[in-house]
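Asks: Take this structure, written in structure tokens, and hold onto it; I'll ask about it next.
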Amino acid sequence: MGVWFSSSTVVALIKQAHAIGAFDEALLTSAVQCGFVAGTITSALLSLPDRYDLRKLLAGSALVAAAATAALAFLPPVGGAVVALRFVTGMCMAGVYPVGMRLAATWAQGDLGLLVGLLVGALTLGSASPHLLAATGGLDWRTIYGVAAACAACAAALIGFAGIGPNIRRATRIDFAKVAQAWRQPALRLANLGYLGHMWELYAMWAWLALFLQETLAARGVANARTRAEWMTFAVIAFGAAGAWLGGVLADRVGRTYVTVGAMATSATCAALMGWLAGAPLFVMGVVALVWGLSVIADSAQFSASIAELADPASVGTLLTAQTCAGFLLTLVSIHLVPYVVAWLGWRGGFGMLAVGPALGCVAMLRLRRHPDSVRLAGGRR
């Protein structure tokens, strides 16, 4: 997953030597989201995760993503070719992220929330890894692309050591009607609406937090503001891995809807507060940022686990892919909106806008809790 946010991380390094506009800056990240949407649409319509070996699908996708990211090190930092390669990388992630969740779900025995939570924790650490590289200082932006590409290539080899669990039912043919289940069935629809509220906030927060911290620290006259901002961003995002694990443990024991509503209510509060803390003591801002990083991802795996429990077993891979497709399509809007809202209303407005998504997601998950099908969640622990 290091290839995903590699461009978001190198933007600050690129801007030291090249002029880059706000739209081009956002495009480096949103091109990946666009590619992911295109890849998940293709994968869902063709039912790829339900018809083919999950390990081979993940390995092939990771290898192509590695090649596309490595090529960035030999090109100018921005331009049409760069956007195209980021788009290809995003398409390949459609064969990594939802496929990995599907693979984890095949091993579930009453601990689906934990298994998918651990996978999302790994996703979180991978997404944070480019910030760790940038924080070490002295690295060229091309090096960050190179290391991310090498990690993706290693993933393609490592997945070969994974096994496929007993809880798998393969589809024998393409069935375009499967995707429509995501909206036609009320329980699935509510779970997906909750996920959309969560996604409105998550990737925009990950994409723009480093810039907010950098600007805030620089305005305070803090030395090495960029490096410190990268360390803080890495810590905040990486701390989310603990949140993904904790969310999985609690969801399996307490209930899916309890955990998702609690996490979204917490992250929405942090989003609404963060922009107002630019002048607060650094300790206070840091604590709120860490709580935000923990809560913003704690519920992520539980939406996927809900789909796996509510859907027909032969459609799980397709519906997980369709869910992530819709969520990442929405992130295109929020990621691009943030810089414009910040220019208009400042960071208070930019981050405050993100709080709307999880607030509405809470409403959807509370409605799902009252739906009869919710007894299928976490063995009856709704």
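The values are calculated or read from the model by the stated rules, or taken from the named source; none is laboratory data. Because the structure is a prediction, the values reported are computed rather than measured. Glycine also receives a Cβ, built like all others from the backbone with ideal geometry; neighbour counts cover every protein chain displayed.
Asks: Does Leu202 satisfy the condition of being at pLDDT 90 or above, assigned to a helix (DSSP H, G or I), among the aliphatic types (A, V, I, L, M) and farther than 24 Å from Leu368 by Cβ? Outline the logic, then answer.
Replies: Working: at pLDDT 90 or above: yes; assigned to a helix (DSSP H, G or I): yes; among the aliphatic types (A, V, I, L, M): yes; farther than 24 Å from Leu368 by Cβ: no.
In short, no.
Asks: Oh, and also: Here is a list: Gly95, Gly90, Gly100. Which entry is within 25 Å of Met199 (Cβ to Cβ), assigned to a loop (DSSP other than H, G, I, E, B), at pLDDT 85 or above and small (Gly, Ala, Ser)?
Replies: Gly95
Asks: Are any of the residues in region 67-84 under 25 Å from Ser300 (Cα atoms) and either crowded, with 24+ Cβ neighbours inside 10 Å or modelled with pLDDT under 85 (or both)?
Replies: no
Asks: Follow-up question, since we're still on this one. Can you name the condition, by its number, that Thr143 falls short on among (1) at pLDDT 85 or above; (2) assigned to a loop (DSSP other than H, G, I, E, B)?
Replies: For Thr143, the exception is condition (2).
Asks: Please indicate, with yes or no, whether at least one residue in region 40-52 is surrounded by fewer than 20 Cβ atoms within 10 Å (Cβ to Cβ), among the polar types (S, T, N, Q) and assigned to a helix (DSSP H, G or I).
Replies: yes
Asks: Which of the residues that make up region 324-382 are farther than 17 Å from Ala207 by Cα and small (Gly, Ala, Ser)?
Replies: Ala326, Ala359, Gly361, Ala364, Ser374, Ala378, Gly379, Gly380, listed by residue number.
Asks: Checking the conditions here, which among Gly317, Gly279, Gly248 is at pLDDT below 90 and out of contact with any helix residue (DSSP H, G or I) (no Cβ under 8 Å at 6 or more places or on another chain)? Steps first, answer last, please.
Replies: On the way: Gly317 fails: out of contact with any helix residue (DSSP H, G or I) (no Cβ under 8 Å at 6 or more places or on another chain); Gly248 fails: out of contact with any helix residue (DSSP H, G or I) (no Cβ under 8 Å at 6 or more places or on another chain).
Of Gly317, Gly279, Gly248, the one residue that is at pLDDT below 90 and out of contact with any helix residue (DSSP H, G or I) (no Cβ under 8 Å at 6 or more places or on another chain) is Gly279.
Asks: Let me ask another. Among the helices (runs of 4 or more DSSP H) contained in region 281-382, which hold 3 or more residues that are in contact with an Asp or Glu (Cβ under 7 Å, 6 or more places away or on another chain)?
Replies: It comes to 316-354.
Asks: Considering every residue within region 298-316, establish whether at least one is within 19 Å of Gly255 (Cα to Cα), among the charged types (D, E, K, R) and within 13 Å of the chain's Cα centre (by Cα).
Replies: yes
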